[in-house]
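Peer 1: One structure is given below, represented as structure tokens, and several questions about it will come after.
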Amino acid sequence: MYPNIITLGEILVEIMRKNRDIPHNVVGEYLGPFPSGAPAIFADAVARLGGSIGFIGVVGNDDFGKMLIERLKKDGVDIKYLKILDEYTTGTAFVMYYSSGERKFIFHLRHAAAGQLSEKDIDEEYIANAKILHVMGSAIAVSKSSMNAVYKAARIAYENNVKISFDPNLRPELLSVDKIREICKPVLERSSFILPSRGEAEVLTGLRDPKSAGKRLLEIGAEIVVIKLGSEGSMGFLDDKIIHIPAYSVKEVDPTGAGDIYDAAFIVTYLKGWDIKEILRFANAAGAIKVTKFGPMEGPMSFEEVMNFIKKFR
């Protein structure tokens, strides 16, 4: 049996400032380590929501790596292609929050295990038998070898009619925005689903208005474009339709990972054949649940948790 959904890229631990507005160059407390990495968060969320998911990535042979392996395995992710390297340490990210909600990262990825993903780690049969390959822009930006691995996976998917979903997940700390835009293009042009934030949609298209940006991204050839609008919900574009679904009002504790969990909820419900309005509503709810929980991977525990959350607001 092959997983219906496959993702690949960076897997790491995140160490987070305890208090807001304290820069990394100031001595202070951090909390963690927490399981993280956008593709890994996505994979874990898909599994918790009942989806069939495989993850391709690299960890070090250390305690951080063991924690990540145990977490994905426990939640039901297929980790057959999660490689362990003795000569590299597991990737890390230090993050601090500003009161405005903005974040600042310090990454150790390119020269860590996470940056060693390569073309030889991509099994053609594994990709070709999936229904959807989910790609994060950060996985393209981590390192050249990771970029080549993503390109190979995307090529295999495209040639075998496996749909590609793409979240730009721009990380200026890894590469310049212009460079990220350039290296994302080969995947963007093959994607059936494009799932950016408002800011990422503007970067990709040069258009500030989300409606205009969504239409432009749809013209690239996508089946569905969704722009995540944070506290304003999300906006879906398909054919000549634009659907806006408002956000759920919750108290924000930690926004990290909300977009990745949104992606997971979108893909899981798309594969169930749901109507686009219900897909966006469910994804909004999954993202809202995530921001109420501390830790990048700490989203909904189950499909039922999201459904019960939605019922409370009806």
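Peer 1: Using θ = phi - 60° and the Karplus curve 6.51 cos²θ - 1.76 cosθ + 1.60, what whole-Hz ³J(HN,Hα) does each residue of segment 137-144 get, with Gly and Pro shown as x?
Peer 2: x, 4, 5, 6, 8, 4, 7, 5
Peer 1: Please list 3J(HN,Hα) in residue order for segment 269-281, calculated via the Karplus relation 6.51 cos²θ - 1.76 cosθ + 1.60 where θ = phi - 60°; whole Hz, with x for glycine and proline.
Peer 2: 6, 4, 5, 7, x, 5, 5, 4, 5, 6, 4, 5, 5
Peer 1: Long-range amide H contacts for residue 30: which residues qualify at under 5 Å (H placed 1.01 Å from N, peptide plane, sequence gap of 5 or more or a different chain)?
Peer 2: 18
Peer 1: Say a paramagnetic label sat at a point 7 Å from the Cα of residue 73, along Cα to Cβ; which residues of segment 1-42 have their backbone N under 11 Å from it?
Peer 2: Output list for this probe position: empty.
Peer 1: While we're on this one: Once R0 is set to 41 Å, what does the formula 1/(1 + (r/R0)^6) return for the Cβ-Cβ distance between residue 120 and residue 209, expressed as a FRET efficiency to the nearest 0.05?
Peer 2: Here the calculated transfer efficiency is 0.40.
Peer 1: What do the square roots of 5 times the Cα gyration tensor eigenvalues come to for segment 122-253, in whole Å, largest first, as semi-axes of the equivalent ellipsoid?
Peer 2: Working through the eigenvalues yields semi-axes of 25, 18, 14 Å.
Peer 1: For the cross-link pairs 66/144; 80/290; 83/120; 131/290; 80/185; 211/290, which exceed 19 Å when the distance is taken from alpha carbon to alpha carbon?
Peer 2: Those over the limit are 66/144; 80/290; 131/290; 80/185; 211/290.
Peer 1: A further question follows. What order do you get for 256-267, 160-171 when each peptide is scored by the mean count of other beta carbon atoms within 10 Å, highest first?
Peer 2: My ranking of the peptides, most packed first, is 256-267, 160-171.
Peer 1: Now for a different question. Return a whole-number percent for the relative contact order of segment 5-312, with Cα pairs under 8 Å and 6 or more residues apart as the contact set.
Peer 2: Contact order relative to length: 16 percent.
Peer 1: If you plug each phi of segment 58-66 into the Karplus form 6.51 cos²θ - 1.76 cosθ + 1.60 with θ = phi - 60°, what whole-Hz ³J(HN,Hα) values come out, in order, with x for Gly and Pro?
Peer 2: Each residue's phi maps through the Karplus curve to give 9, 10, x, 8, 8, 5, 4, x, 4 Hz.
Peer 1: Using the C-alpha atoms of the chain, what convex hull volume per residue, in cubic angstrom, is computed?
Peer 2: Expressed per residue, the convex hull around the Cα atoms of the chain is 123 Å³.
Peer 1: Enumerate the amide H contacts of residue 164 below 5 Å, restricted to partners 5 or more residues apart or on another chain; note that Pro and chain-start residues carry no placed amide H.
Peer 2: Residues meeting the amide H criterion: 133, 192, 193.
Peer 1: Quick check: Cα centre of segment 84-156 to Cα centre of segment 238-314, how many Å?
Peer 2: 24
Peer 1: Show the residues, 5+ positions off or on another chain, whose built amide H is closer than 5 Å to the amide H of residue 22.
Peer 2: 97
Each value in this text was obtained by applying a stated rule to the coordinates, not by laboratory testing. These numbers come from a predicted model, not from an experiment. Heads up, the Cβs are rebuilt from the backbone with ideal geometry, glycines too, and the neighbour counts pull from every protein chain shown.
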